[in-house]
Amino acid sequence: GGAAEPPPKLVLDLERLAHVPSEKAGPLQRYTATIQSQRGDYNGKVLSIRQDDLRTLAVIYDQSPSVLTEQLISWGVLGADARRAVQAEES
Ligand code: C2E
Ligand code: C2E
Ligand code: C2E
């Protein structure tokens, strides 16, 4: 891709995440709660996370970053433009 275009930020929709059944979203819900606690960022409707955090979450979910990203898009937790962030990671 074009080097001049920065990858999109990974911005999680915390309201959508709260509505995903915890048997699926539990690890991600705990991970984001930990980041909010570390930042002291409790009242946001969204949370920007690190590219590295998506890789860590993929290990936790035993999936590739791109498969996990598709799952999060299907839940409405990530926007479709997050695909470009993962492609930038894997290229
Ligand atoms: P840290 O990684 O040593 O970062 C210290 C401070 O540097 C952060 O304090 C923040 O003010 C700033 N900082 C570091 N990286 C970034 C960045 O990419 N963007 C921005 N805007 N600021 C950055 P803060 O936010 O109070 O976080 C405290 C600690 O909590 C961090 O220490 C880190 O250990 C952890 N943390 C916070 N947010 C995240 C996250 O999204 N992912 C991970 N893996 N750890 C996080
Ligand atoms: P943006 O990155 O497009 O974020 C738009 C709005 O989404 C933010 O408005 C905030 O209400 C929400 N938001 C995004 N990520 C988070 C998050 O991790 N936690 C919470 N609680 N809310 C989040 P806001 O705060 O008025 O910021 C406006 C713009 O200012 C941001 O647009 C960004 O361009 C810049 N900005 C704010 N904080 C940072 C930062 O830590 N690092 C950098 N590089 N830019 C920042
Ligand atoms: P951002 O603040 O706009 O930062 C964009 C990118 O700049 C980060 O992407 C990272 O590659 C680099 N960067 C910014 N500040 C620092 C820093 O203090 N130390 C280092 N080593 N790199 C830095 P990344 O890591 O993918 O993070 C994406 C977004 O997640 C950040 O956008 C910010 O909104 C949020 N974020 C990540 N880590 C922290 C953190 O520790 N505290 C807070 N408050 N926000 C964070």
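The values are calculated or read from the model by the stated rules, or taken from the named source; none is laboratory data. It should be emphasised that the depicted structure is a prediction, and the values quoted were computed from it without experimental measurement. Note: ideal-geometry Cβ built from the backbone for every residue, glycine included; neighbour counts use all protein chains shown. The accessibility values were calculated without ligands, DNA or RNA, using every heavy atom of the protein model including side chains. Shrake-Rupley method; radii C 1.70, N 1.55, O 1.52, S 1.80 Å.
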### Task
Please go through segment 30-70 and pick out each residue that is open to solvent by less than 60 Å² (accessible area, probe 1.4 Å) and part of a loop (DSSP other than H, G, I, E, B).
40, 41, 44, 64
### Task
Kindly provide the set of residues from segment 25-60 that are within 14 Å of the chain's Cα centre (by Cα), of a type in the set (D, E, K, R) and either closer than 16 Å to residue 82 by Cβ or within 8 Å of ligand 3 (Cβ to nearest atom) (or both), ordered by number.
50, 52, 53, 55
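Mind listing whichever residues of segment 71-85 are farther than 19 Å from residue 33 by Cα and open to solvent by less than 50 Å² (accessible area, probe 1.4 Å)?
Answer for segment 71-85, where residues must be farther than 19 Å from residue 33 by Cα and open to solvent by less than 50 Å² (accessible area, probe 1.4 Å): 73, 79, 82, 85.
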### Task
Within segment 71-88, track down each residue that is outside any loop (DSSP other than H, G, I, E, B) and either of a type in the set (S, T, N, Q) or under 10 Å from the mean Cα position of the chain (by Cα) (or both).
71, 72, 73, 74, 82, 87
